[in-house]
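The values are calculated or read from the model by the stated rules, or taken from the named source; none is laboratory data. Just so it is clear, the structure is predicted and the values come from calculations on it, not from any experiment. With ideal geometry, Cβ positions are generated from the backbone for all residues, glycine too; neighbour counts draw on all protein chains shown. For accessibility, only protein heavy atoms count, side chains too; no ligands or nucleic acids. Shrake-Rupley method; radii C 1.70, N 1.55, O 1.52, S 1.80 Å.
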Amino acid sequence: MNIKNNIRVALLALAALTATGSMVSCSDDPDAENYYTFTGEMLSDYLNNRPQYSEFKTIVERADLMDLLASYGQYTCFLPSNEAVETFLHEKGLQSVDQLSDADCDTIARTHLVANMYSTYEMTQDRLATANMLGRYLATSQGVDADSNAVVYIEGVAHIIYEKEMPDGSIIHRNDSVENGIVQPIDMVIEKSNSYIADILRDNPRISYFYEALIATDVKEQILLVDDPTYDKFNYNNNVPYRYKSHIRNEVAWVPDTKKYGFTAFVEPDSVYEAKFQEYGISTANGTLRALYDLACKIYDPVYPDDVNKDGHKFENLKDSINPLKRFVQYHIMTRYVPGTADLTALIIPEMGEAFGTETKWQNAIDWYQTLLPHTMLKVEQLSTHPREDPHTNKVIPGMDIYGPDADKKNGHFINRRYEAPEWTFRGAYVDPTVETKPVHDALNGHYFYVDDLVVFSWDVQNRVQNMRIRMDFTTLFPEVMTNDMRLKGNYRADDGNNAPADDSAEPKNGKNHYFPMGYLDGVTFDDKLCALVYRRPHWEFWSWQGDEWNLFGDYDFVFRIPPVPFSGEWQMRLGFAPLETRGVMQVYFGTDPKNLQPQGIPLDMMQILSSETYLGSRVSDDTNLSEYRKTSVEELAEEQKLLKNLGAYRGPLACYYTGGTDKGYDYGTMHIMRRILCQTNMDANQDYYIRFRVASEAKQGNNNEFMFDFFEMVPKSVYGVDGEGEMEDAL
């Protein structure tokens, strides 16, 4: 090994990491110079040739995985020494590997293997970007070893060995490469909890108050699901990949491999509750459960005033659906599995150093997620690292403090934050990314994070924090997509085209698109024998927010339950999409009865771009770049927006962009991205609403009636209801 070269490469890798400030996603063709070079050996050879790993080698052989490690591919092996395996066995009361079952060996081996290559320089977030071969994510954190070397900890316990001399004189070290992967030696065997999320909450003494309320309100019964035992991908079209053409690309989609259920909880430690009891003047003389109930009443009675005098509101009826403590607990839990803070908002790509598709100089990365409390959502916001700028002038907005008391938490995530002093000063609750040694935070069916303030759907959250334009990527509307690890996966730089395998015997090189059977997505109905519903994985040059999009093909008639609005009133529903010549015509319907929805306006022709005569026509000649936007006066921009609004449309959002590298193309400026008004109506915040997309094309228009939907906006009248001369809704 060339040690001097390795040191040079390590410094270069560290410099690159510092420049991006983000997790580097491993591509399929990594630069070999990023790792120690050890040519000629596969992972299988590495195990066979080193007696200090003979115990783990035996485990891999009994798991019948040695042939896999002898084949070409890309793997990271977290490799425990014989000493580490023996310590693990003794803790289990076992004397040798022979006493492990084959199933035990399979679990241990797959826990330590990841089907992607990761150097320690890439382990900068609180989890690896790829799940291990058990489908579980490995938590990562940074620390120091006994010799003061900077090391990476896995699951808060095992650390990657920086460098160590073995009894036979050989040297082991981190980032050791083989032909088909990278070896990371570790000092302990890694274990993942097979408990349910309710059980790992119970086992943490720091959050005993929350767990007591979880049990008393019976919310525990709502978080027991793990997977759908009736789901089998081979029951749907025999798992045959679906081949289609979207715009000009020939692509292939697969049925999802699994249908798992998951939950994510944001939990205040007991110390936070104790401080809140003092702040609100609440006594704990009758126990902490009663104190929590009293706290919940103070927060939720103003939100649900009609329920205050009902029997279900009483302390004796904590399991009732209208009980304030039950509502308090439910709002802490999202109906999806999020294994680390890196997943709370869109993927950070190293080329841009920010969440995919959001210009963070102008707007923080934001996602919205539904909770167990009916008709509510959480707003999750990642702080930008930039001062806030005015996109029209490219100058920092004077006096706008976007950090408030949290200047040390840039890139951190907050729940229900709206901090733009002096108008909005709601700090929200900070999501702590800490990975602890014990207790564990990741369960078989969920994950929990500590937060440093109350996570509540208070009157202020309802009417002020969430009184804004709510923009959601369609992928976040369906919890199953995130829980089953499909959101924003794959190599966004490359495409497989029509060269993917014809069956499920091999993985496509750059990542999978997916198509869904009816019944897979909750709140969605369509006839999967007449049409196909496809989720296209991200590509950074797509005219799509966050790089991904959804397509319908065939004679589609697609109904979905829309997310809840935070408060009753007049709202506008918008569809973000890219009109193209290969697409068709679609009719929109809206209402509360999914079987009897009402048509909304005339059919939408998805072939008409913004510069067509249907919209702006000769008023624009080509796509608008940012410099031209800045030359346009606010009055002219407002006039154009009013014209488009009267036609039922808006330009694409200015804060969203697509890219082919480091240059950004802003959605606002291209004629091929728009937001179309689907309906504008009064809505009840406690009511379910549905939208229907039905094909209205003649014959098989374009690519089999191709319909693309990218993102969804719910906009209150306080935002869109501007009608004064020279006034406009912000372009972000």
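Worth a mention:
- Index of the failed condition, residue 14 passing every other in (1) modelled with pLDDT under 80; (2) open to solvent by 30 Å² or more (accessible area, probe 1.4 Å); (3) part of a loop (DSSP other than H, G, I, E, B): (3)
- Residue 633 meets the stated requirement of being over 23 Å from residue 594 (Cα atoms) and free of Cβ contacts under 8 Å to residues at least 24 places away in the same chain.
- Some residue of segment 663-675 being modelled with pLDDT of 95 or more and either assigned to a strand (DSSP E or B) or over 25 Å from residue 587 (Cα atoms) (or both): yes
- Selection count, segment 86-118, where residues are exposed (fewer than 15 other Cβ atoms within 10 Å of the Cβ), aliphatic (A, V, I, L, M) and within 19 Å of residue 155 (Cβ to Cβ): 0
- Boolean, residue 60 is more than 19 Å from residue 179 (Cα to Cα) and at pLDDT 95 or above: no
- Qualifying residue in segment 75-85 (condition: part of a helix (DSSP H, G or I) and open to solvent by 40 Å² or more (accessible area, probe 1.4 Å)): yes
- Test: residue in segment 384-403 that is loosely packed, with under 13 Cβ neighbours inside 10 Å, of a type in the set (Gly, Ala, Ser) and on the phi < 0 side of the Ramachandran plot: no
- Matching option when the condition is under 30 Å from residue 463 (Cα atoms) and part of a loop (DSSP other than H, G, I, E, B), among 638, 685: 685
- Restricted to segment 240-356, the set of strands (runs of 3 or more DSSP E) holding at least 3 residues that are crowded, with 22+ Cβ neighbours inside 10 Å and at pLDDT 95 or above comprises 263-267.
- Yes/no for residue 629 being open to solvent by less than 40 Å² (accessible area, probe 1.4 Å), at pLDDT 95 or above and either within 21 Å of residue 359 (Cα to Cα) or among the aliphatic types (A, V, I, L, M) (or both): no
- Comparison of 553, 567 shows that the only residue that is buried (at least 23 other Cβ atoms within 10 Å of the Cβ) and at pLDDT 95 or above is 553.
- Complete set of residues in segment 156-198 that are touching a strand residue (DSSP E or B) at 6+ places or on another chain (Cβ under 7 Å), open to solvent by less than 30 Å² (accessible area, probe 1.4 Å) and among the aliphatic types (A, V, I, L, M): 158, 160, 161, 166, 172, 182, 183, 186, 189, 190, 197
- Hits in segment 121-154 (condition: open to solvent by less than 30 Å² (accessible area, probe 1.4 Å), assigned to a loop (DSSP other than H, G, I, E, B) and either at pLDDT 85 or above or farther than 25 Å from residue 106 by Cβ (or both)): 123, 126, 128, 131, 136, 137, 138, 145
- Of all residues making up segment 370-407, the number that are under 20 Å from residue 432 (Cβ atoms), assigned to a loop (DSSP other than H, G, I, E, B) and of a type in the set (Val, Ile, Thr): 1
- Considering residues of segment 408-432 that are outside any strand (DSSP E or B) and open to solvent by less than 50 Å² (accessible area, probe 1.4 Å) only, the residue nearest to residue 383 (Cα to Cα): 412
- Residue within segment 649-660 that is at pLDDT below 90 and closer than 30 Å to residue 351 by Cβ present: yes
- Here segment 357-369 is the region considered, the condition is being in a loop (DSSP other than H, G, I, E, B) and open to solvent by less than 30 Å² (accessible area, probe 1.4 Å), and the residue that is nearest to residue 296 (Cα to Cα) is 364.
- The set of residues in segment 719-729 that are surrounded by 15 or more Cβ atoms within 10 Å (Cβ to Cβ) and either part of a loop (DSSP other than H, G, I, E, B) or free of Cβ contacts under 8 Å to residues at least 60 places away in the same chain (or both) comprises 722, 728, 729.
- Look at (1) of a type outside the set (A, V, I, L, M, F, W, C); (2) open to solvent by 10 Å² or more (accessible area, probe 1.4 Å); (3) farther than 24 Å from residue 599 by Cβ; (4) modelled with pLDDT of 95 or more and you find that residue 495 fails only one, number (4).
- The condition of being more than 21 Å from residue 365 (Cβ to Cβ) and open to solvent by 10 Å² or more (accessible area, probe 1.4 Å) holds for residue 442.
- Any hit, segment 584-601, residues being closer than 26 Å to residue 722 by Cβ, within 29 Å of the chain's Cα centre (by Cα) and part of a loop (DSSP other than H, G, I, E, B): no
- Test: residue 534 is closer than 17 Å to residue 478 by Cα and touching a strand residue (DSSP E or B) at 6+ places or on another chain (Cβ under 7 Å): yes
- Taken over segment 86-106, the criterion of being assigned to a helix (DSSP H, G or I) and touching a residue at least 40 places away in the same chain (Cβ under 8 Å) is satisfied by 87, 88, 97, 102, 105, 106.
- Residues located in segment 670-718, provided they are open to solvent by 30 Å² or more (accessible area, probe 1.4 Å) and hydrophobic (A, V, I, L, M, F, W, C): 677, 696, 699
- Residue 380 vs. criteria aliphatic (A, V, I, L, M) and either modelled with pLDDT of 95 or more or under 24 Å from residue 447 (Cα atoms) (or both): yes
- On the stretch given as segment 65-85, residues that are touching a Cys at 6+ places or on another chain (Cβ under 8 Å) and closer than 24 Å to residue 153 by Cβ total 1.
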